[in-house]
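S.K.: Take this structure first; my questions come after.
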Amino acid sequence: MNHRELNVCFLGNSEVGKSCIIDSKINEYLPTIENRSKKMMQINNKFFDFNIFDTAGAKELNYLIKNSIKQCDLFVIVCSLTDDKSIDSIQYYIELIQNGLNRKHDIPMVIVANKLDILGGLENPMVKNQIKKINKKYKNSHCILSSSKNNENLNNILKSLIKQVNQIEKNRKQLLNHQSSPLRNLKIFKNIRLF
Ligand SMILES: Nc1nc2c(ncn2[C@@H]2O[C@H](COP(=O)(O)OP(=O)(O)O)[C@@H](O)[C@H]2O)c(=O)[nH]1
Ligand SMILES: [Mg+2]
């Protein structure tokens, strides 16, 4: 069976829950320097091998983070609903990704607002406020609410990223079908081949 390999990079401030989401369970806080793991998944009858890059939140380790970004195709920026600074930092990570890849568009990316359980769920007006804030600041972004206590999160995040990849590739194919398109030779992804 043909498997497609994709590299996914998790970014975000320290202690927002990146490593717990990747592990699909709540662990004690252990600062991450750099960590890689693998996850195989079937989405819409296609098989994917995801190489997951977990990164440090500490800005002092920026050189490692930049190196991970360059190797990845898909991006997850995690913030915590209980930490305003982590929501403000999303912009910083978006720019880091755009600069690392040398392009502003066609980057499959998900914002994950984590630690929903601490605020007691969607009914809490604080949660609604934070979501409003994220949607206003990061228009057109794909946002997923999560709690590391829910072990379905990682699957939902990866599914959302693949949906975006499919859409980007569909748009690209349409452009390529235009004989005169100047985008004919554009290489959108390093590792991504068209299906
Ligand atoms: N209540 C709650 N705690 C979480 C959640 N996700 C992570 N944590 C806790 O937050 C701390 C930081 O988590 P970690 O995954 O190491 O953060 P990272 O620095 O972003 O990788 C740890 O103490 C976790 O137990 C969550 O969804 N809910
Ligand atoms: Mg970590």
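S.K.: With a cut-off of at most 14 other beta carbons within 10 Å, and DSSP calling the residue loop, which GluC sites (Glu not before Pro) in the range 1-86 qualify? Please list them. Intermediate results must be reported in sequence, preceding the final value.
M.R.: Working: sites: Glu5, Glu15, Glu28, Glu34, Glu60; in loops: Glu15, Glu28.
Listed in order of number, the matching sites are Glu28.
S.K.: Dipole magnitude of the range 83-133 about its Cα centre, charges +1 at Lys/Arg Cβ and -1 at Asp/Glu Cβ only, in debye to the nearest 20? Spell out each step's value before the answer.
M.R.: Values: 7 positive and 7 negative charges, 30 e Å.
That gives the range 83-133 a dipole magnitude of about 140 debye.
S.K.: Further question: Taking the DSSP beta bridges in the range 3-183 as the whole, what percent of them are antiparallel, to the nearest 5? If you can, show how the numbers build up before the last one.
M.R.: Numbers: 10 of 32 bridges.
Percentage antiparallel, nearest 5: 30.
S.K.: For the residue pair Arg36 and Leu176, what label-to-label distance in nm results when each label sits 7 Å from Cα along the Cα-to-beta-carbon direction?
M.R.: 2.7 nm
S.K.: Here's another thing I want to ask about it. Quote the relative contact order of the range 3-183 in percent (integer), defining contacts as alpha-carbon pairs under 8 Å separated by 6+ residues.
M.R.: 24 percent
S.K.: Of the candidates Ile69, Ile134, Ile97, which one comes out as most mobile in a Gaussian network treatment of the chain with C-alpha springs shorter than 10 Å?
M.R.: Ile134
S.K.: DSSP loop chymotrypsin sites (Phe, Trp or Tyr not before Pro) in the range 1-89 with at most 15 other Cβ atoms within 10 Å of their Cβ, which ones?
M.R.: Of the chymotrypsin sites (Phe, Trp or Tyr not before Pro), the ones in loops of the range 1-89 whose Cβ has at most 15 other Cβ atoms within 10 Å are Tyr29.
S.K.: Report, in deg cm²/dmol and to the nearest 500, the calculated mean residue ellipticity at 222 nm for the chain, where each DSSP H run with n ≥ 4 adds -39500 (n - 2.57) and the sum is divided by the residue count.
M.R.: -11500 deg cm²/dmol
S.K.: If I model a spin label at Asn166 and Asp84 as a point 7 Å from the Cα along the Cα→Cβ vector, what separation in nanometres do I get?
M.R.: Rounded to a tenth, the inter-label distance reads 4.0 nm.
S.K.: Taking loop as defined by DSSP and a crowding limit of 12 other beta carbons within 10 Å, which trypsin sites (Lys or Arg not before Pro) in the range 7-73 fit?
M.R.: For trypsin sites (Lys or Arg not before Pro) across the range 7-73 that sit outside H, G, I, E and B with at most 12 neighbouring Cβ atoms in 10 Å, the list reads Lys25.
S.K.: May I pose another question? To the nearest 20 debye, what charge dipole does the range 3-183 have about its Cα centre, counting +1 at the Cβ of each Lys and Arg and -1 at the Cβ of each Asp and Glu? Spell out each step's value before the answer.
M.R.: Numbers: 26 positive and 18 negative charges, 140 e Å.
With Lys and Arg at +1 and Asp and Glu at -1, about 680 debye.
S.K.: Another one. Could you tell me the largest-minus-smallest coordinate of the C-alpha atoms of the chain on each of the three principal axes, in descending order and whole angstroms?
M.R.: Over the chain, Cα extents along the principal axes are 53, 36, 36 Å.
S.K.: Further, regarding this structure: Obtain the nm distance between the two label points defined at His105 and Asp117 by a simple spin-label model: each point lies 7 Å from its Cα along the Cα-to-C-beta direction.
M.R.: 4.1 nm
S.K.: From the residues Leu161, Asn45, Gln174, which one has its Cα farthest along the dipole of the chain in the positive direction, the dipole being from +1 and -1 charges on Cβ of Lys/Arg and Asp/Glu about the Cα centre?
M.R.: The one lying farthest along the dipole's positive direction is Gln174.
S.K.: Filter Lys18/Lys46; Lys38/Lys163; Lys115/Lys159 down to the pairs with a C-alpha to C-alpha distance above 23 Å, please.
M.R.: Lys18/Lys46
Here, each number is a calculation from the coordinates, and none is a lab measurement. Just so it is clear, the structure is predicted and the values come from calculations on it, not from any experiment. Glycine gets a Cβ as well: all are built from the backbone with ideal geometry, and neighbour counts include every protein chain shown.
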